[in-house]
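The values are calculated or read from the model by the stated rules, or taken from the named source; none is laboratory data. Quick caveat: nothing in here was measured; it's all calculated off a predicted structure. In this analysis, Cβ positions are derived from the backbone assuming ideal geometry, glycine residues included, and neighbour counts consider all displayed protein chains.
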Amino acid sequence: MKKSLVVFIIGFISSVSVYAVNSTHCPHSCPSGTPGSNYHVYRNAYTLSNNATTKFADWVAYTVNSNTIGGSRSRYWRADPDIWSSRTLEPSDYTSAHATIGTDRGHQAPLASLSNYSDWQTLNYLSNITPQRSELNQGPWNILEQRVRSLANRSDVGNVYVVTGPLYEYHFADLPNADESHTIPSGYWKVIYINQSGTIQTAAFIMDQHLSRNTNFCTTQVTINEVESRSGLNILPQMSNQSSIESRIGYLKNDLGC
């Protein structure tokens, strides 16, 4: 069965029923609470939930470890061939975006952290991209992703699990040359967790699009509960009964340099 047909079936089922999304990138189950019409795409490097209205992923889950981090890779932007064109953007939609609204093509699952996956090219599909303000993308968001890679390279840490996604709390801007309706995120969240000998350690962050390049990412720490409240999602469904984890500033912050 072709991959595109698999995605179509997944999308059709999700439009009429609610079910848990499971992936190796979500050991505690993937986020719930997205629209039933979302398409869920499963790849080696990541899993994502595509939203047809915004044209961006409501969440992307991925796993970072010492084996996934490789050298530099090219950025060849493509529309996602496994998602209907009416549900996602294409490269021409981003024309003049940087000059007009000051945004980069920002990866949700980062290329630098996952470049050793066999399907690393899919990280450049626009389903994994959002228009992210350059000051944020190249500043605190980038620094946080660097700290995740440093954590993943530690000899006492195995897999680092990350779930990330957008917020839509105000109108940020529109892509000046997009020929499809879309909604650019006003900010982003990221939840990071590891399992060390059965103990879950977490950290969560929310960053607004208008953060300056020199913002200390540590100042954007929040609880998982706040991420869930502001995103409308249940980020870690199988941990929902562990309020001590979701209601605190995660202990993993120290390992990320905060």
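Worth a mention:
- Residue selected from the range 44-60 under the condition part of a loop (DSSP other than H, G, I, E, B) and either touching a Phe, Trp or Tyr at 6+ places or on another chain (Cβ under 8 Å) or among the hydroxyl-bearing types (Ser, Thr, Tyr) (or both), by the criterion farthest from Leu175 (Cα to Cα): Asn44
- Checklist (1) surrounded by fewer than 22 Cβ atoms within 10 Å (Cβ to Cβ); (2) in a loop (DSSP other than H, G, I, E, B); (3) touching a residue at least 24 places away in the same chain (Cβ under 8 Å); (4) not polar (S, T, N, Q) applied to Tyr170, failing item: (3)
- Within the range 94-110, the set of residues being surrounded by 14 or more Cβ atoms within 10 Å (Cβ to Cβ) and either closer than 18 Å to Leu48 by Cβ or among the hydroxyl-bearing types (Ser, Thr, Tyr) (or both) comprises Tyr94, Thr103, Arg105, Gly106, His107, Gln108, Ala109, Pro110.
- When Val222 is tested against (1) hydrophobic (A, V, I, L, M, F, W, C); (2) in contact (Cβ under 8 Å) with a residue 40 or more places away in the chain; (3) in contact with a strand residue (DSSP E or B) (Cβ under 8 Å, 6 or more places away or on another chain); (4) more than 29 Å from Ala79 (Cβ to Cβ), only condition (2) is not met.
- Considering the range 187-198, the residues that are part of a strand (DSSP E or B) and over 15 Å from Leu236 (Cβ atoms) include one that is modelled with the lowest pLDDT, namely Gln196.
- Test: Val21 is modelled with pLDDT of 85 or more, closer than 26 Å to Ile184 by Cβ and part of a loop (DSSP other than H, G, I, E, B): yes
- One residue stands out in the range 112-131 among those that are of a type outside the set (Val, Ile, Thr) and within 12 Å of the chain's Cα centre (by Cα): the one that is nearest to Arg149 (Cα to Cα), namely Leu123.
- Residue list for the range 235-250, restricted to those being modelled with pLDDT of 90 or more, of a type outside the set (Val, Ile, Thr) and touching a helix residue (DSSP H, G or I) at 6+ places or on another chain (Cβ under 9 Å): Leu236
- Top-ranked residue in the range 111-125 [being assigned to a helix (DSSP H, G or I) and in contact (Cβ under 8 Å) with a residue 60 or more places away in the chain; ranked as surrounded by the fewest Cβ atoms within 10 Å (Cβ to Cβ)]: Trp120
- Test: residue in the range 220-236 that is crowded, with 18+ Cβ neighbours inside 10 Å, touching a Leu at 6+ places or on another chain (Cβ under 6 Å) and closer than 17 Å to Trp141 by Cα: no
- Enumeration of residues in the range 51-80 that are closer than 26 Å to Arg149 by Cβ and buried (at least 23 other Cβ atoms within 10 Å of the Cβ): Phe56, Ala57, Trp59, Val60, Ala61, Tyr62, Thr63, Val64, Asp80
- Output for the range 237-257, where each listed residue is assigned to a loop (DSSP other than H, G, I, E, B) and surrounded by fewer than 18 Cβ atoms within 10 Å (Cβ to Cβ): Ser240, Asn241, Gln242, Ser247, Arg248, Ile249, Gly257
- Applying the set (1) out of contact with any Phe, Trp or Tyr (no Cβ under 6 Å at 6 or more places or on another chain); (2) under 20 Å from His107 (Cα atoms) to Gly158 leaves exactly one unmet item: (2).
- Residues (within 25 Å of Pro140 (Cα to Cα), touching a Lys or Arg at 6+ places or on another chain (Cβ under 8 Å) and among the small types (Gly, Ala, Ser)) located in the range 177-212: Ala203, Ala204
- Test: residue in the range 88-110 that is outside any helix (DSSP H, G or I), farther than 29 Å from Val222 by Cα and either in contact with a Ser or Thr (Cβ under 8 Å, 6 or more places away or on another chain) or modelled with pLDDT under 95 (or both): yes
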